Amino acid sequence: ARKGKTPEEVVKKYLQKVKSPPEEDCTICMEPLGGPSGYKGPGVGPVSRAESVGRLAQCGHQYHFQCLVAMYNNGNKDGSLQCPTCKTIYGVKTGNQPAGKMEYHVIPHSLPGHPDCKTIRIIYNIPPGIQGPEHPNPGKPFTARGFPRHCYLPDSEKGRKVLRLLLVAWDRRLIFSVGTSSTTGESDTVIWNEVHHKTEFGSNLTGHGFPDPGHLDNVLEELRAQAVRVNPY
Ligand code: NAD
Ligand code: ZN
Ligand code: ZN
């Protein structure tokens, strides 16, 4: 949540001061860090020379302060910031998944490749609606095709770990997004976000089925890329 902070305050929170900028270009605007930001957009006021460049506290990458503020303003404005170079996430990243429901239960059948355990079935349901300010076309309707969408995980230790993280990702609105479907080409529709799910149970006609020995590790990696981890921050 924004908690009333301005974009400048959010960005500043994650930055350290830089006394003398390196002789490098800012990779957001491609202008030298020693000079002014190349960003000419609206809503960015002048900053003092001492504050013109900042170093992201954890990864050390440096940018014009105004470039980071502009980047933040172009995103979800959820209080988090992602380094455009190394993808380190500052704060808790949230997405723009529309309102809906996530449910799961165990079914007494085994998935191909997981003969020794039962199966977790996740059911996602998102109805169509109107896009909010966080979506590509605010005020315009969005469609929601193929819901409820059923997904499967082995009910193993690792599968249950993935489920716990998916529940966190759902609360942070990271499982789905609104945009253009790469499968159907339809725009303004609910689409899967960056975390792959298996939507086939006993077959693999779409490539989104079992067996797939690397699947759980891949999903854990995709969740890590969104900073959804087992340990709390
Ligand atoms: P998309 O096509 O834009 O793809 C986004 C991501 O989802 C990609 O990483 C892709 O690999 C993955 N993905 C694509 N198809 C998938 C599937 N069947 N199961 C699991 N992951 C899949 O995203 P989208 O438009 O949300 O996904 C398209 C899929 O949604 C279709 O293949 C279909 O299963 C379902 N769908 C169903 C209907 C319907 O009327 N039944 C309509 C539209 C989409
Ligand atoms: Zn810049
Ligand atoms: Zn970085």
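When only residues in the range 68-83 that are within 16 Å of ligand 3 (Cβ to nearest atom) and open to solvent by 50 Å² or more (accessible area, probe 1.4 Å) count, which is farthest from the chain's Cα centre (by Cα)?
The selected residue is Met71.
Hey, among the residues in the range 14-38 that are in contact (Cβ under 8 Å) with a residue 40 or more places away in the chain and either more than 9 Å from ligand 2 (Cβ to nearest atom) or of a type in the set (S, T, N, Q) (or both), which one's farthest from Leu68 (Cα to Cα)?
Among those residues, the one meeting the criterion is Pro22.
Which condition number in (1) part of a loop (DSSP other than H, G, I, E, B); (2) open to solvent by 20 Å² or more (accessible area, probe 1.4 Å); (3) of a type outside the set (Asp, Glu) is the one that Tyr104 fails?
(1)
Out of all the residues in the range 119-144, which are open to solvent by 70 Å² or more (accessible area, probe 1.4 Å) and of a type in the set (Val, Ile, Thr)?
Ile130
With respect to Glu194, determine if the residue is over 13 Å from the mean Cα position of the chain (by Cα) and among the acidic types (Asp, Glu).
no
Within the group Ile122, Ile89, which residue is in contact (Cβ under 8 Å) with a residue 60 or more places away in the chain and closer than 30 Å to His61 by Cα?
Selected residue: Ile89, the only one of Ile122, Ile89 that is in contact (Cβ under 8 Å) with a residue 60 or more places away in the chain and closer than 30 Å to His61 by Cα.
Of these, Arg121, Arg160, which one is at pLDDT 95 or above, basic (Lys, Arg), over 20 Å from the mean Cα position of the chain (by Cα) and within 15 Å of ligand 1 (Cβ to nearest atom)?
Selected residue: Arg121, the only one of Arg121, Arg160 that is at pLDDT 95 or above, basic (Lys, Arg), over 20 Å from the mean Cα position of the chain (by Cα) and within 15 Å of ligand 1 (Cβ to nearest atom).
The values are calculated or read from the model by the stated rules, or taken from the named source; none is laboratory data. Only a predicted model underlies this, so the values are computations on that prediction, with no experimental measurement involved. Virtual Cβ from ideal backbone geometry, glycine too; neighbours counted across all protein chains shown. Keep in mind that these areas ignore ligands, DNA and RNA; they rest on the heavy atoms of the full protein, side chains included. Shrake-Rupley method; radii C 1.70, N 1.55, O 1.52, S 1.80 Å.
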